[in-house]
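Presented below is the structure to which this report refers.
The values are calculated or read from the model by the stated rules, or taken from the named source; none is laboratory data. These numbers were taken from a predicted model, which means no experiment stands behind them. Because the Cβ atoms are built from the backbone with ideal geometry, glycine has one as well, and the counts that use them run over all protein chains shown. Side chains are part of the model used for accessible areas, which takes the heavy atoms of the whole protein and leaves out ligands, DNA and RNA. Shrake-Rupley method; radii C 1.70, N 1.55, O 1.52, S 1.80 Å.
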Amino acid sequence: MIARLSPAERVSAAALGAVALAWMIGAVLRRELFFDPVLFGLGSGAIIAALAIGLVVAFRASGVINFGHGAIATYVTYVYVSLVGTGQYPVPPIPNPLAPIEGIAGIEIVDFPTFISLGDSMGKAPALAIALATAAVLGLVAHFAIFRPLRYAPVLAKVIASVGIMLFLQAAVVLRFGARAKATEPIFPNDPVEILGTRVGQDRLWVLGTVIVITAGLWMLFRYTRFGIATRAGAENERFTTLLGFNADFGAGVSWVMASVLAGLVGILVAPITGVTPNFFTVLLISSLGAALIGRMSSFVIAAAAGLMLGIVDQELFRLELEWDWIPDIGIRRALPFVVIALAMVARGESLPSRGALTVERLPEAYVPRITRGRMVGYGALLAVAFWLTVFAPFQYRAGMQNSMIGVILALSLVVVTGYVGQISLMQMALAGIGAFSVASFGTQAGMPLPVALPLAVACGVGFGLIAAVPSLRTRGASLAIVTLASGLAMGEIFFSRPGWFGLDRGVKTTDPPELFGVEFGPNSDFIFGDGKIPTGGYGLFLLVVGALCCISVMRLRRSRLGEQMLAVRANERAAAAAGVNVAAIKLSAFAISSFFAGLGGALIAFNLGTYGTDTFGIFASLTVLAFAYLGGISTVGGAITAGTLFSEGIGIVVTNEWVIDVGPYTAYVAGFFLIGTAVYNNEGIDGFQRRQFHQLGGWLGRRFGRGPAVSGESTDVEPPVTPDEPAAASGVSGGGAEAGDG
Amino acid sequence: MGDPVLATRSLSVRFGGLVAVDDVSLECRRGRLTGLIGPNGAGKTTFIDAVTGFLPNNSKGSVLLEGEEVFGRSPHVLSHAGLTRTWQTLELFDDITVRSNLDVASRRLTVGSALLDYLRPRQRAARVNEVLDLLNLGDIAERQPRELSQGQRKLVGVGRALVAESSKILLLDEPAAGLDKAETDWFGAQLRHLVDQGYTMVLVDHDMGLVLNVCDYIHMLVFGQLTASGTPDDMRNDPEVIAAYLGHSGVEP
Ligand SMILES: Nc1ncnc2c1ncn2[C@@H]1O[C@H](COP(=O)(O)OP(=O)(O)OP(=O)(O)O)[C@@H](O)[C@H]1O
Ligand SMILES: [Mg+2]
């Protein structure tokens, strides 16, 4: 298995060996510097490793990189903690179906239970059993309801679905248990022991031992049993395993259960040591993703070893930064693992996918915007309503419109790169952060006027976006998702998460309101129209203009030759290259345009908030933006507008809050739920769904009243999607071909 | 007797231990339809992949386009240089219209032309219409490939390779596979017609009948090696060919 190493891998193995040797010598000479951190790092590395092998199990089962793995760990851990602490089993937060009625009528019809009491606090063993059973159920649901239907779906849909799981479970935890950290009684003995003269907590060693045992077990299971061999082949070639007489689907289901039980187990074992917060394991998951990738998502042993190494390197760098002043304080410690991940992926990637690596993937339709009179009237009406809401409506609507308009611009950034070119980007909010932080640095701190500071800030966003896009030239699909995630993190760590001129000032960043020709038009500035309450309409109006311009420019992009080439690259990189398309250049320009919108959106957020921290631009924000963009419709401008409406605290939410029910606390939860649903059952998002409905309605009306099928409907009235294993079923070989033959 | 448009010298492709194309040197002359035949897995597709720059890490040797060494250039550069191809598995751009499929391939996009087109869109190449007419695709130009029949899709693939302004030679990978007898005959006639108009092409196909009927010169690959070359008449009587295709339905005529 390990024997097939490329020359590059041999060189790096040798280099690794040399470093290890030097390290050992160092450890003998200065143990506090080179030995103790290693020992401590093994503790945190064990957690990373444990999550990493769970990721490998899930990937081997169904080719999914499960971004929800950490959230499964978190949810199961909270179930356990709750059972041990109070004996309460949380009911999954199912929204009360009567809520809309109750909300409007202002009464409460039924009291939905949030917990089922299973007696007072429970013993650890039964709690563990129940929690792990919950994990098993989660695994089954993940397999049967989500990833099995997605077997032949584009990687994008799989990534989105797993992001949906993450958002959904994490929101469920917050809804049921609150956002605060929880602690629980130890499971392993935790008095410290001495190892070669250094005291460490015994419990960490127990975790480490458990991880090693599990890794070895999994290795043997997948290496030597029929089940393991068939599952491994199943992810690669379903027909082959079917020939072997083994049900690959069964194997995948079992693997999903194993993966999520493993996640839950890790969480429960680790929680007493570290405590647990709703996003604790998801944050750790990023390092684990790196480790799993180093193991090529297939080797348990390498993934676990890499996880341990990442833990050690982190501790070691931490210690060295304290010891040696000359190490520049640019966030290297936290960014390094991600830079390494990105480099490793790039080294391993190919600039064009190899033959056979392509599957027939049905991506969301990227409709060509057609300019008809009806549509112009529609856009005009939309704009008029938006104008009224932005300027004259009560203040909460105005605030909603501001958030929505920014959401539209951020979603547009994803329409270009993900919708048109098919490149998944999980770093959009990091790019937005660069826009936000640099507009404050250039504008407020350096005193540059808006027409200089804003373009400069956007240019910074584009610059970083281009740097981060380089890996995209050699990776694609799920690997690209991970690389962009890593790039986003590295950007945050290096650029704005630290104090400094570009970064934070006492934990926050502050921007003065925008000003042009002596007129200030921030959200708090005076404005001639409206009721004078904050936010006033001036900034919203500015956003409306900018947002409309952005929408128009993306529509034009879709109609342009560049846009056409982007879609060609999305459809088929190899064929595009053969048709003379410079795939690398197209991808870079898409990332540049996308970063332009992201940076712009970030700068606009900066003005909107005035004062902000790094959380606004963290990975979860990036994932959430992708979620909303996909939900709205990832490949159309209409989808971006829909996404903006749904955006956190956007106009859609405000309207729902005012008129139907206060969805506030449920936003992420509901978004996660619908995101999964969209990925599995309707990959075109709300916008595409509406289009279909309209066309069907149009067609029905047309047939009904004898006008023939709706005129503009041809491009959407497609035949049922072609099944991937039989591209272009023989459907019309004779029919249409003969037709051509006559001509 | 045209000059060679495309020539390979000692072109080899290895996948690990497997030599898929083994030291192949051949020439494709201007204005001719050159056939490339061989049993399944002989390396025909791999040969095309290597010539068009898709196997930079697995191939070695030399590829001459009108006498100029082009080995090692990337696929899009080769396409601009005039080396265009179709795919055995079609590989159309499934979610844009037929016209857009051809549009993408029709002209090279530079920073300047992209910007200009963005500012003043819809200036479409007459060349695209020409090819659409040539292949009788005019009626379905606004449809998407996945709505079309297999035969129409094949034509779109050919059109996409044909449309490049700079195209000097066309490599067709089993363009007639999956068509019935009548369609194949029609398709062969179309190819012959194009060649007679001055196009240079390479035709890879299993259908010996088609290849023997329409090609001017034929090469045969077996296990990656060039085992026979000659005119259709030579090939009909070549023992190597008969051995390789023994019992194959296409040989009788
Ligand atoms: N990317 C690859 N990696 C490994 N082996 C490959 C790869 N591509 C092709 N091969 C192998 O190279 C050999 C030649 O394949 P190729 O597809 O070129 O044959 P072909 O003549 O086109 O066959 P067919 O008539 O079936 O299309 C086969 O044994 C195939 O398995
Ligand atoms: Mg072939």
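When only Cα pairs below 8 angstrom with a gap of at least 6 residues are kept, region B:92-165 shows a relative contact order of 53 percent. Residues of region B:84-98 whose accessible area, computed with a 1.4 Å probe over protein heavy atoms, drops by at least 30 Å² once all protein chains are present relative to their chain alone are B:Trp87, B:Glu91, B:Phe93, B:Asp95, B:Ile96.
Largest first, the residues B:His76, B:His219, B:His193 sort by 1.4 Å accessible area into B:His193, B:His76, B:His219.
Accessible surface comparison of A:Phe227, A:Phe529, A:Phe607, A:Phe59, probe 1.4 Å, protein chains only, largest first: the order is A:Phe529, A:Phe59, A:Phe227, A:Phe607.
Charge tally for A:Glu32 (other residues, Cβ to Cβ under 13 Å; Lys, Arg +1; Asp, Glu -1): +1. Averaging Cα coordinates gives a centre for region A:603-680 and one for region B:177-206; these two points are 54 Å apart. The modelled label-to-label distance for the pair A:Asp512/A:Ala446, using points 7 Å beyond Cα in the direction of Cβ, is 1.5 nm.
For A:Pro513, the shell of other residues with beta-carbons less than 15 Å away shows a net charge of -3, using +1 for Lys and Arg and -1 for Asp and Glu.
Subtracting the Cα-Cα distance of A:Trp324 and A:Val660 from their residue separation scaled by 0.36 nm leaves 115.1 nm. Residues A:Phe437, A:Phe517, ordered by accessible area of protein heavy atoms at a 1.4 angstrom probe radius and largest first, appear as A:Phe517, A:Phe437.
When only Cα pairs below 8 angstrom with a gap of at least 6 residues are kept, region A:374-693 shows a relative contact order of 32 percent.
Figure legend: label point modelled 7 angstrom from the Cα of B:Phe223 along Cα→Cβ; residues of region B:28-59 with amide N under 16 Å from it are B:38-44. Taking amide hydrogens as placed 1.01 Å from N in the peptide plane, the amide H of B:Gln225 sits under 5 Å from those of B:Asp22, each at least 5 positions away in sequence or on another chain.
Annotation for the A:B interface, with buried accessible surface near 4000 Å², both sides summed [1.4 Å probe; non-protein components not counted].
Within straight-line reach of A:Lys158, meaning a Cα separation under 25 Å, sit the following lysines at least 8 residues removed in sequence or on another chain: A:Lys587.
A Förster radius of 30 Å, combined with the Cβ-Cβ distance separating B:Leu18 from A:Phe144, puts the computed FRET efficiency at roughly 0.15. For the protein assembly as shown, the per residue solvent-accessible surface stands at 42 Å², with DNA, RNA and ligands left out and a 1.4 Å probe. Normalised by residue number, the volume inside the convex hull of the Cα atoms of the protein assembly as shown is 198 Å³ per residue.
Here the accessible area is traced with a 1.4 Å probe on the protein chains. For chain B, carbon and sulfur cover 51 percent of it. Computed with a 1.4 Å probe over protein heavy atoms only, the accessible area of B:Tyr199 comes to about 50 Å². Determine the sum of side-chain charges near A:Ile686: Lys and Arg each +1, Asp and Glu each -1, restricted to other residues whose C-beta is under 14 angstrom from that of A:Ile686. Overall, the nearby charge balance is -1. Between B:Ser166 and B:Glu66, the simple spin-label model (points 7 angstrom out along Cα→Cβ) gives 1.0 nm.
Here A:Ser351 sits with roughly 70 square angstrom of accessible surface, probe radius 1.4 Å. Of all beta bridges that DSSP places with both ends in chain B, some 60 percent have antiparallel geometry. Each label was represented as a point 7 Å from its Cα along the Cα-to-Cβ direction; for A:Gln693 and B:Leu119 these points are 4.2 nm apart.
For region B:92-165, the Kirkwood hydrodynamic radius comes to 12.5 Å, computed from all pairs of different C-alpha atoms. Once you order the gyration tensor axes a ≥ b ≥ c over the Cα atoms, which shape class does region A:121-234 get: rounded for a/c under 1.5, otherwise prolate or oblate by comparing a/b with b/c? Judged from the Cα gyration tensor, region A:121-234 comes out oblate (a/c at least 1.5, b/c at or above a/b). The base-10 log of I(q)/I(0) for region A:374-693, evaluated at q = 0.10, 0.11, 0.16 Å⁻¹, reads -0.54, -0.66, -1.40 [Debye formula, identical scatterers on Cα atoms, solvent excluded]. Each of A:Ala73, B:Ser100, A:Leu609 was scored by the projection of its Cα onto the charge dipole of the protein assembly as shown, and the greatest displacement toward the positive side belongs to A:Leu609; charges sit on the C-beta of Lys, Arg, Asp and Glu.
If the reach is capped at under 27 angstrom between alpha carbons, list the lysines near B:Lys44, excluding any in the same chain fewer than eight residues apart. Qualifying lysines at Cα under 27 Å: B:Lys60, B:Lys154, B:Lys168, B:Lys181. Comparing each chain alone with all protein chains together (probe 1.4 Å, DNA, RNA and ligands left out), the residues of region B:138-160 losing at least 20 Å² of accessible area are B:Gln144, B:Arg146, B:Glu147, B:Ser149, B:Gln150, B:Gln152, B:Arg153.
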